[in-house]
Each structure stands twice: as C-alpha cells, then as structure tokens.
Amino acid sequence: MHELTLACDMVDIACETATREGAERVEAIELEIGLLSGVLAEALIFGFATACRGTVAEGAGIELFPEPGRGVCRQCGRISSLETFLTRCPECGSPGLCVSGGDCLRLRAIRVS
Amino acid sequence: MCVDCGCDAERHDSRRVEVRRDLLAANDRLAAANRLYFAEKAILALNLVSSPGSGKTSILERTVAAFDSRPVVVIEGDQQTGRDAERIKAAGAAAVQINTGSGCHLDARMVAAAISELDPPAQSCLFIENVGNLVCPAMFDLGEAAKVVIISVTEGEDKPEKYPYMFRAASLCLINKIDLLPHLDFDLAALKASALAVNPAMIFIGLSARSGEGFSGWLEWIEAQCPVAAKAVRQGG
Ligand SMILES: Nc1nc2c(ncn2[C@@H]2O[C@H](COP(=O)(O)OP(=O)(O)OP(=O)(O)O)[C@@H](O)[C@H]2O)c(=O)[nH]1
Ligand SMILES: [Mg+2]
Ligand SMILES: [Zn+2]
C-alpha cells in the first residue's frame, strides 16, 4: 500500500496550494496517472478518502487522466505502446523496452472555492 | 458557458489552479540528497529487497563476517521488532533498526534519519535491508547505488514476471538457498529467463547463506561497485 504515502503527499500539496490561493476548500483534484506508474488508482482514491479527513481537501473529488505506457526499443529505437513490462518490440521482437512515458503520477490541477 | 473552466454552468464560485507536481518526485528529492551524501563520503549504499524470508538478513550476517576490505554498516527495515538489527550487531557490524509500523517499504526520509543516527564512516559499505515485500519498495528510491533483489529457490521461477517492477528496478539478482537445490525441482534457467524478460541487463549470482557457497562472487560484485573515487584514494594512499 505505497498508495497511502502518495495519497498523503497529494493531500498536503492540494491543501498548501489552496491556502496559498486564499481558498477555503478543495473541490476536485485532477490527477494524471501513468498506466506503468505502479500506482493503483483504486488504492490511491481509498487512501485519499482517509488522508483528507479534517483538512480543506476533505471530500474532494478525484478526476483521473490515465496516460498510456510508451516504450523505446533498445535494439532498433522503435517507439511503441507498452501495456506491460513484458511487451516486446513490435518491430524486432526485443524484450525489455525502455519506458518513455506512462510511468508518472502527476497532480495536474485542483479546483478550489 | 462559465469563464473559469468552460463548464455548462452560468457561473460558479470554484476556480481551477494549475499545480503540475509530480507526486513520485517528493521521495526522489530526498533520495537525491542521500545519494549526494553517499557520494561525498564515498559510501557504497545497496538496497536489498525480497519477499519475506528469502534470506536478506542471513546473507548480510555472512557478508558482515566475510567482507573485510571496507567497514560495513547496516540499516534494517521491518514493520515490527528490532530482531534483524540485533542479528547484524551480533555478527559484528553497526546497525540501526527502522520500524515502519503499518508501512510496507522504506522511504528516503526514513533512511536519511537512520543515516544521521548511524553516522557511517567514509568509504564504508552501507547495506539497507528493505521490508520483505516485492511490490512497494520498488517505487521508492532511497539514494542507493543499486537495488539487489534476492529470491530463494523455494519461491517460484516465475516471480520476476509476477513482480516486474522490482525485477526491473534491480541491477543484481541473488539466488539464495542453493544448498536446497538437490531437494527441489527448481528450474534455475526458467527463473533467469523470467527475469531477463523484464530486465535484459540483470546479473545473477547463486549462493547459500547457509553453506557459504557462491559468496566469493557476491563479495567480488560488491567490491566492483565501490565508488571509483574512493578506490583511487585507497590505491594512492
Ligand atoms: N537452507 C537455507 N536456509 C536459509 C538460507 N538463507 C536463509 N535461510 C533461512 O531462511 C529463513 C529466513 O531467513 P532470513 O535471513 O531471516 O530472511 P529475511 O529475508 O531477512 O526475512 P525478513 O526480514 O523477515 O523478510 C531463516 O530460517 C533462515 O535460516 C540458505 O541459504 N539456505
Ligand atoms: Mg530480515
Ligand atoms: Zn525493436
């Protein structure tokens, strides 16, 4: 459940931002989630529901923006979509593509009031 | 249409604020600070990860006794108990225990705190035994030079493909408990193929913390990872 650690960071950042903006409440959070980030959206949302209690972000909705995985072949350089780390290069069949996208978890924006 | 966000409401009181913060980066910044500290003191830090009971502490006990070219210090991570740190101290090395409570992994902040308590000598070798867990520790950089994943021959050959994040993140795979091989039908070639499918650069060393077989290869690997600057200093002086 590393998602709980990340959910706490998410609450902290949302609350800091809201306070800096002079807002009273965080209504929603836009989150970009890479499909190869190793982060489980359900666990993150569950962790957030606990971590936000008693803060200005309590009850905020989470809007997910999934980002597909992308990989570069170490052999031929072809860029392809990567569903799992076991996906092979569609061009030359090499395993172990180098991840070039879809491995991040980014708090894109918040909606405050 | 509202001017704030383009939604259908005539107007509303909420507004959108761009944040653009990478959530995985908070730990990375602290890990970078640890890495800088290790570089300045020419400390080799290795992060040992495995499922519970693969033999991390047993390997470290024997390593502490056998690795004599540099001082060895150990950070032990477990959810509860100080048992593993006690085992390391009994084996002859300085050790600090971190208890993560309900936490399932060490993070860079915990390691920073342990370092300040341990105060490892310059040019030492720091082993960080992570919480037994093949999932979460893969996501958290501690500032180490390399992750070493340990799998014992009593686990399945297909573990790497089941836990690809960890086997991708590691540079070396120690295959432990090879003393038991005659009693099992464990397929070493299948394990290696599974690990290479997720990480083509993986290096393997088979060993036994029980018998000591294979330890020379492990000790040589450690020696080869020691920071170059420190090697030059030692050779020069
Ligand atoms: N036969 C055999 N048993 C081993 C070997 N290495 C470790 N063991 C046994 O495996 C069990 C677990 O070893 P530990 O060293 O405590 O494992 P660990 O990975 O540190 O465990 P956690 O810290 O609880 O995750 C103990 O009963 C050890 O005696 C080995 O090479 N051969
Ligand atoms: Mg242990
Ligand atoms: Zn290719």
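So here's what we get for this one:
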read-out: Selection within the stretch B:31-82 - within 16 Å of ligand 2 (Cβ to nearest atom) and within 14 Å of chain A (Cβ to nearest Cβ); value: B:VAL49, B:GLY77, B:GLN79
read-out: Pair list, Cβ under 7 Å, 6 or more apart: the stretch B:164-192 residue within 14 Å of chain A (Cβ to nearest Cβ) and charged (D, E, K, R), other residue outside any helix (DSSP H, G or I) and open to solvent by 30 Å² or more (accessible area, probe 1.4 Å); value: B:LYS192/B:PHE204
read-out: Hey, A:CYS52 within 13 Å of chain B (Cβ to nearest Cβ), touching a Gly at 6+ places or on another chain (Cβ under 9 Å) and more than 16 Å from ligand 1 (Cβ to nearest atom) or not; value: no
read-out: Residue within the stretch A:68-78 that is touching a residue at least 40 places away in the same chain (Cβ under 8 Å), out of contact with any helix residue (DSSP H, G or I) (no Cβ under 7 Å at 6 or more places or on another chain) and away from ligand 3 (no atom under 16 Å from the Cβ) present; value: no
read-out: Matching residues, the stretch B:133-165, being open to solvent by 10 Å² or more (accessible area, probe 1.4 Å), polar (S, T, N, Q) and over 13 Å from the mean Cα position of the chain (by Cα); value: B:THR154
read-out: Tabulated pairs, the stretch B:52-70, first touching a residue at least 12 places away in the same chain (Cβ under 8 Å), second part of a helix (DSSP H, G or I) and away from ligand 2 (no atom under 13 Å from the Cβ), C-beta under 7 angstrom, 6+ apart or interchain; value: B:ARG62/B:PHE215; B:ALA66/B:PHE215; B:ALA66/B:LEU219; B:PHE67/B:LEU219; B:PHE67/B:ILE222; B:SER69/B:GLU223
read-out: Test: residue in the stretch A:72-86 that is more than 26 Å from B:SER102 (Cα to Cα), more than 12 Å from chain B (Cβ to nearest Cβ) and open to solvent by less than 20 Å² (accessible area, probe 1.4 Å); value: yes
read-out: Any hit, the stretch A:6-15, residues being modelled with pLDDT of 90 or more and either touching a Pro at 6+ places or on another chain (Cβ under 6 Å) or more than 25 Å from B:THR100 (Cα to Cα) (or both); value: yes
read-out: Candidate set: the stretch B:83-104, residues that are open to solvent by 40 Å² or more (accessible area, probe 1.4 Å) and within 16 Å of ligand 2 (Cβ to nearest atom); chosen: the one modelled with the lowest pLDDT; value: B:ASN99
read-out: Residue in the stretch A:57-65 that is touching a strand residue (DSSP E or B) at 6+ places or on another chain (Cβ under 6 Å), within 12 Å of ligand 3 (Cβ to nearest atom) and open to solvent by less than 50 Å² (accessible area, probe 1.4 Å) present; value: no
read-out: Single unsatisfied condition, A:SER81 versus (1) more than 12 Å from A:LEU35 (Cβ to Cβ); (2) within 15 Å of ligand 3 (Cβ to nearest atom); value: (1)
read-out: Residues that are touching a strand residue (DSSP E or B) at 6+ places or on another chain (Cβ under 7 Å) and either over 17 Å from B:ALA85 (Cβ atoms) or at pLDDT below 95 (or both), drawn from the stretch B:53-75; value: B:SER54, B:PHE67, B:ARG70
read-out: Index of the failed condition, B:ASN130 passing every other in (1) buried (at least 20 other Cβ atoms within 10 Å of the Cβ); (2) away from ligand 2 (no atom under 16 Å from the Cβ); value: (2)
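The values are calculated or read from the model by the stated rules, or taken from the named source; none is laboratory data. These numbers come from a predicted model, not from an experiment. With ideal geometry, Cβ positions are generated from the backbone for all residues, glycine too; neighbour counts draw on all protein chains shown. For the accessible areas, the whole protein counts, side chains as well, though only heavy atoms, and no ligand, DNA or RNA atoms are used. Shrake-Rupley method; radii C 1.70, N 1.55, O 1.52, S 1.80 Å.
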